[in-house]
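Structure record follows, encoded as structure tokens.
The values are calculated or read from the model by the stated rules, or taken from the named source; none is laboratory data. These figures come from a predicted structure and were not determined experimentally. Every residue, glycine among them, receives a Cβ derived from its backbone with ideal geometry; neighbour counts consider all protein chains shown. For the accessible areas, the whole protein counts, side chains as well, though only heavy atoms, and no ligand, DNA or RNA atoms are used. Shrake-Rupley method; radii C 1.70, N 1.55, O 1.52, S 1.80 Å.
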Amino acid sequence: MIQLIRGFKDILPGETELWRYIEETSVSLFEDFGFQEIRVPVMERTELFQRSIGEETDIVEKEMYTFPDRKGDLITLRPEATASVVRSYIQHKMYAKDPIRKFYTIGPMFRRERPQKGRYRQFYQINAEVFGIESPLIDVQLILMLVTLFSKLLVTDIEVHMNSLGCPKCRPKFQEALAGLMLSAKDKLCKDCRRRSEKNPLRVLDCKVPSCREAMAGAPAIVDFLCPECTRHFETVKEMLEKQNIPFVIDKRMVRGLDYYTRTTFELQTGLLGAQNAVAGGGRYDNLVEALGGPAQPAIGFAIGIDRLVEIVALNKEELVKKPDVFIAALGEESMNRAFEWICGLNLEGIRADMDFSGKNLKPLMKRADKLGAEYVLIVGERELEEGSAILRNMQTKDQAVIPINSIVKNIKEKIR
Ligand code: AMP
């Protein structure tokens, strides 16, 4: 039998409901915050990711699915979405009409990481990206939107981790300080980091090799090197988060694994997932639009890992699974035919109605209604049809009411809503 590729997975019925619920909740919230959907391809020219994520990052060095297409052009299955959204913003000159744009996008990403619980080679993200706003208030708004989404999804075990990565003005001084440390610890660094220490010292900070971690344990904090503008920006973000009652912790060592970040970076972590504790991450990338050939426009965004979020939300799954509003227990063929018309009518009216199609008698039908968690059961048999009424039973209170069969869809709608 042909099996799935390692690190890939099927999302099966019974799971897809939760995925869709998370996606729909996000979309509805993001649209309230003024975001519009954008859809970008899953493949791009390899160069796009090399230039945005950075040549010296783990993603570009080791994790991309890159291959030549039949003509020999190098293409890559996207490891993240921001680069594509930026490319699209530039390519369609979206900034010309209005540089301020807010986008969201949902879809699969591909990274050839070592698979483990919470880490897949095809995984899914919900991205939000804002272009054209330099104010730190937008940083706060994005974090507020994320935190609100998690609370809507009843995810409470969440901690916001924050750092500032400065800008090209303040970063060289920090890199100099790092370089000093790295020079003295050169023997402890892995081969990749020895190379990185010269070209891109910041990346040594997120190397996962234990000896590198140990060597960098005493590394200075970038927040201590920020220029006055970056300091003011970060101070405002922190103040406004406090005003919004959003608790956060400053994580001086968090650099995030992509080169394009500047200033505010953040990650949402949870204690519910074990080692893969990050459910969302993001930050400013104020120089990326220009670096990829567009105008100088500031930007900020985040990505939520849907696979991980599903795992957390699944812990409260019972409360989220949609149950029938009404189950029709129809006894006998004639009643079943009528019931079928009614459930069709109810479904069209947005009422979740269900029935059994196998001609069971009352006891197993009630059992089925119970199993589905139906709020109401409508009982109808030959006698009820003759009398022109049916019995509507509230499954929680056990109250029963006799309701006329004439305009039953309308009657049920009124009773249960
Ligand atoms: P990043 O694009 O690396 O900033 O990651 C953003 C979020 O995507 C993380 O916080 C994770 O929730 C999720 N994520 C990243 N890589 C993976 C992966 N290999 N498998 C599952 N989720 C991932």
message: Taking 8 Å as the Cα distance limit and 6 or more residues as the minimum spacing, I'd like the relative contact order of the range 323-416 as a percentage.
response: 31
- prompt: What part of the accessible area of the chain, given as a whole %, is carbon or sulfur when the probe is 1.4 angstrom?
  reply: 50
field: Gyration tensor (alpha-carbon) shape descriptor, the chain, a/c threshold 1.5
entry: prolate
- prompt: Reachable lysines from residue 238, Cα under 17 Å, same-chain residues fewer than 8 places away excluded?
  reply: 252
query: Which net charge results for the neighbourhood of residue 168, defined as the other residues with beta-carbon distances under 13 angstrom from its beta-carbon, given Lys and Arg at +1 and Asp and Glu at -1?
result: +1
statement: The answer for the range 323-416, accessible area per residue at 1.4 Å probe in Å², is 58
field: Shape call, the range 1-126: gyration tensor on alpha carbons, a/c limit 1.5
entry: oblate
- request: Provide the net charge surrounding residue 158, with neighbours chosen by a C-beta distance below 13 Å and charges set as Lys +1, Arg +1, Asp -1, Glu -1.
  value: -1
- prompt: Under the rule of -39500 (n - 2.57) per DSSP H run of 4 or more residues, summed and divided by the residues of the chain, what mean residue ellipticity at 222 nm is obtained, to the nearest 500 deg cm²/dmol?
  reply: -11000 deg cm²/dmol
- request: Would you mind getting me the FRET efficiency between residue 227 and residue 73? Use the beta-carbon distance for r and R0 = 45 Å, nearest 0.05.
  value: 0.65
- line: Filtered pair list for the range 36-162 (Lys only, Cα < 24 Å, 8 or more apart or interchain) has a length of 4
statement: Simple spin-label estimate for residue 394/residue 337, 7 Å along Cα→Cβ, in nm, reads 3.5
message: Can you return the aspartates and glutamates within cross-link range of residue 243? Criterion is Cα-Cα under 14 Å, with same-chain partners fewer than 8 residues away left out.
response: 139, 235
task: Could you point to the residue in 396, 340, 326 farthest towards the positive end of the range 323-416's charge dipole, with +1 and -1 charges on the Cβ of Lys/Arg and Asp/Glu respectively?
output: 396
message: Suppose a student asked you for the relative contact order of the chain, using Cα pairs under 8 Å spaced at least 6 residues apart; what percent would you report?
response: 15
- prompt: Excluding residue 378 itself, what net charge comes from residues whose Cβ is under 10 Å from its Cβ, given Lys and Arg +1 and Asp and Glu -1?
  reply: +1
- request: Could you sort out which of 9/371; 367/398; 188/208; 9/208; 323/413 sit more than 18 Å apart by Cα distance in this structure?
  value: 9/371; 9/208
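Relative to the present Cα-Cα distance, how much length would full extension add between residue 367 and residue 97 at 0.36 nm per residue of separation?
That works out to 91.2 nm of additional length.
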